[in-house]
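The values are calculated or read from the model by the stated rules, or taken from the named source; none is laboratory data. Quick caveat, the model's predicted, so the values are computed rather than measured. We place every Cβ from the backbone using ideal geometry, glycine too, and count neighbours over all the protein chains shown. SASA here: full protein model, heavy atoms, side chains in, ligands and nucleic acids out. Shrake-Rupley method; radii C 1.70, N 1.55, O 1.52, S 1.80 Å.
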Amino acid sequence: MSLIVRINIRIKLEWILILFFHLFFVSSANGFQGIMQTSYGARQAGMGGAFQAIGGSVLDLESNPSHLSRLLNSKLEFGGAAHFAQIEYSDSFMDIRPDLSYSNRITQRQRALLPYIGYISRLSDRLGIGIALYSQGGGGARFSNITRLAPEKKNLNETLGLEIPIVGSERKIREDMVFKFMVTKMTFGFGYRFDRLAIGAGADLVYSFMQMERTYRDETRSLELPGSFQYSSDPSYTLGGKLGISYELTQKIRIAYSYTLKNVLHLDGEMKVESPDPGNLGATRVSRFMIWPDRHIFGISYRTDVWLFDFDVKFVPWSESFRTSKFILEQSLIQTPVGANTNTMQMNFRWRDQYTFAIGAEYNWSRILRLRIGYNYGKSPVTDQGLSPMLGSTTEHHLSGGIGFYRNDYALHVALEYGFPKRMKGGASSDWSISHSVFSENDVSLQSFQFDKSVSVFSLYFGFELNT
């Protein structure tokens with residue numbers, strides 16, 4: 001009987017998380033500090049994400065559950081963030097034959113709606129508990145009709161072994177790309193207070209999903225060519241957790257620290273590969289995993305009768321998690337530039353560790369209105385050796401502002417945030433450069449291919465609180 005109950009609970013949680021993803025994740029948008037949002041919750045966003053030493057939100061379960069110990073009442077809260085990313089990508093390839101040279105310049109506007117909902121309850125003047133469901137991060141993009149050279153610089157007739165009139169002698173092809181990746185968490189947590197000191201912990205159920213497609217077509221876009229592939233992961237579930245502490249130095253000053261565990265995301269799935277060899281054509285199972293990094297955050301807040309300030313420092317060791325990721329296929333369907341087939345495809349991210357700094361202020365204008373402003377900076381973890389148009393944001397500076405309306409037992413929060421555009425150039429030895437400049441063992445043109453990418457993000461946050 002207990003086994004049946006556990007299975008039913010798992011099925012219900014699975015459907016909740018899948019529905020959460022499909023209803024709200026409208027389209028993929030590149031991440032905002034790497035692939036994590038700068039803020040979780042509308043009130044937090046108005047203050048630039050600086051909220052570690054404040055508390056009072058269901059999203060304390062995302063950042064620091066120790067604040068649940070200071071609840072004055074129980075609270076239902078829900079809302080979300082609508083992100084509108086503009087991705088500008090350009091590349092060029094120069095060949096000694098002018099007819100083989102090309103250039104691309106593309107601007108894509110991606111959007112994503114990432115919601116959250118939760119409930120926190122005051123069990124006593126020292127103990128609080130809660131549960132929250134929220135999208136923590138992800139990324140992706142969609143690019144279409146990019147000019148490329150065919151593998152090995154072959155024309156269409158040579159690739160297909162046919163005699164196609166007019167377009168058969170063309171050596172240029174079209175590339176389409178789709179990439180989607182997201183991580184959603186459901187957190188159960190508590191906070192307990194010992195006078196000035198409070199501690200808290202949360203258990204995370206983590207859901208993740210990834211989809212990646214690269215499609216080559218002829219100039220007329222009527223034929224799908226060898227080298228194309230489609231990968232889709234199975235729904236992935238894993239467990240994680242977090243610890244938080246906070247301490248009242250005085251009645252006006254509070255300090256806080258939290259640590260969130262890394263998560264191993266098992267993204268086994270299926271890959272379909274287009275090949276000129278019928279024996280290497282079809283779909284196969286894929287084994288792979290990625291690591292969602294751990295995170296350290298320290299914060300300090302200061303409050304007066306009308307002002308509330310917070311300053312946070314966050315550290316994410318991306319270099320330990322986002323170095324490489326391998327796709328291990330059950331069959332050797334991937335063709336290498338030297339012509340041999342392999343069952344391994346490796347993505348080299350080469351990201352660096354990241355420190356981010358957030359400062360925010362809230363002004364109590366009146367009994368019903370509060371004004372907020374914030375600034376957030378974090379050097380992008382993406383390096384020139386790991387840059388690609390698909391994953392990772394280049395944005396570094398973020399400016400935000402927001403307001404809160406308070407009436408009786410409910411509150412409404414709205415915030416706007418802008419991530420300023422930042423352009424990065426890709427390295428000659430990056431995966432992206434190699435995949436578009438190595439045509440065979442004897443035809444390597446790394447310096448002939450150049451590319452760059454710029455990302456800017458406008459975000460609208462909204463949230464509703466109901467005290468119960």
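Structure data summary
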item: Filter result for residue 403 (in a strand (DSSP E or B) and either out of contact with any strand residue (DSSP E or B) (no Cβ under 8 Å at 6 or more places or on another chain) or over 22 Å from residue 141 (Cβ atoms) (or both)); result: yes
item: The lone exception for residue 134 - which of (1) open to solvent by 10 Å² or more (accessible area, probe 1.4 Å); (2) touching a helix residue (DSSP H, G or I) at 6+ places or on another chain (Cβ under 9 Å); (3) under 20 Å from residue 415 (Cβ atoms) it fails; result: (1)
item: Those residues of the stretch 98-141 which are aromatic (Phe, Trp, Tyr) and either closer than 26 Å to residue 295 by Cβ or out of contact with any Leu (no Cβ under 9 Å at 6 or more places or on another chain) (or both), in sequence order; result: 116, 119, 134
item: Within the stretch 316-346, considering residues that are at pLDDT 75 or above, touching an Asp or Glu at 6+ places or on another chain (Cβ under 9 Å) and surrounded by fewer than 14 Cβ atoms within 10 Å (Cβ to Cβ), the one farthest from residue 297 (Cα to Cα); result: 346
item: Neighbours by Cβ (under 8 Å, 6+ apart or cross-chain): first from the stretch 41-56, touching a residue at least 60 places away in the same chain (Cβ under 8 Å); second outside any loop (DSSP other than H, G, I, E, B) and basic (Lys, Arg); result: 43/372; 46/372; 47/372; 51/43; 53/254; 54/254; 55/70
item: Flag if residue 137 is farther than 30 Å from residue 210 by Cβ and modelled with pLDDT under 85; result: no
item: Which numbered condition residue 367 fails, given (1) surrounded by fewer than 21 Cβ atoms within 10 Å (Cβ to Cβ); (2) in a strand (DSSP E or B); result: (2)
item: Within the stretch 370-416, tally of residues that are on the phi > 0 side of the Ramachandran plot and open to solvent by 70 Å² or more (accessible area, probe 1.4 Å); result: 1
item: Check on residue 215, open to solvent by less than 30 Å² (accessible area, probe 1.4 Å), more than 29 Å from residue 119 (Cα to Cα) and either assigned to a strand (DSSP E or B) or in contact with a Lys or Arg (Cβ under 7 Å, 6 or more places away or on another chain) (or both); result: yes
item: The stretch 298-318, residues that are closer than 30 Å to residue 268 by Cβ and touching a residue at least 60 places away in the same chain (Cβ under 8 Å); result: 316, 318
item: Condition broken by residue 433, with the remaining ones in (1) out of contact with any Lys or Arg (no Cβ under 6 Å at 6 or more places or on another chain); (2) assigned to a loop (DSSP other than H, G, I, E, B); (3) of a type in the set (S, T, N, Q) satisfied; result: (2)
item: Residue within the stretch 85-108 that is basic (Lys, Arg), open to solvent by 10 Å² or more (accessible area, probe 1.4 Å) and assigned to a helix (DSSP H, G or I) present; result: no
item: Counted residues, the stretch 293-303 - those being open to solvent by less than 50 Å² (accessible area, probe 1.4 Å) and either farther than 14 Å from residue 354 by Cα or among the acidic types (Asp, Glu) (or both); result: 3
item: Residue within the stretch 397-404 that is polar (S, T, N, Q) and within 30 Å of residue 375 (Cα to Cα) present; result: yes
item: Scan of the stretch 52-77 for residues that are touching a Phe, Trp or Tyr at 6+ places or on another chain (Cβ under 9 Å) and open to solvent by 10 Å² or more (accessible area, probe 1.4 Å), ordered by number; result: 63, 74, 75, 76
item: Sole exception among (1) free of Cβ contacts under 8 Å to residues at least 12 places away in the same chain; (2) open to solvent by less than 60 Å² (accessible area, probe 1.4 Å) for residue 250, by number; result: (2)
item: Spans of strands (runs of 3 or more DSSP E) in the stretch 288-353 with at least 2 residues among the hydroxyl-bearing types (Ser, Thr, Tyr) and within 23 Å of residue 49 (Cα to Cα); result: 295-303
item: Close pairs (6 angstrom Cβ cut-off, 6 or more residues apart or separate chains): open to solvent by 50 Å² or more (accessible area, probe 1.4 Å) in the stretch 149-178, of a type in the set (Ser, Thr, Tyr) anywhere; result: 152/440
item: Members of the stretch 418-468 that are polar (S, T, N, Q) and in contact (Cβ under 8 Å) with a residue 60 or more places away in the chain; result: 430, 437, 440, 445, 448, 450, 454, 456, 459, 467, 468
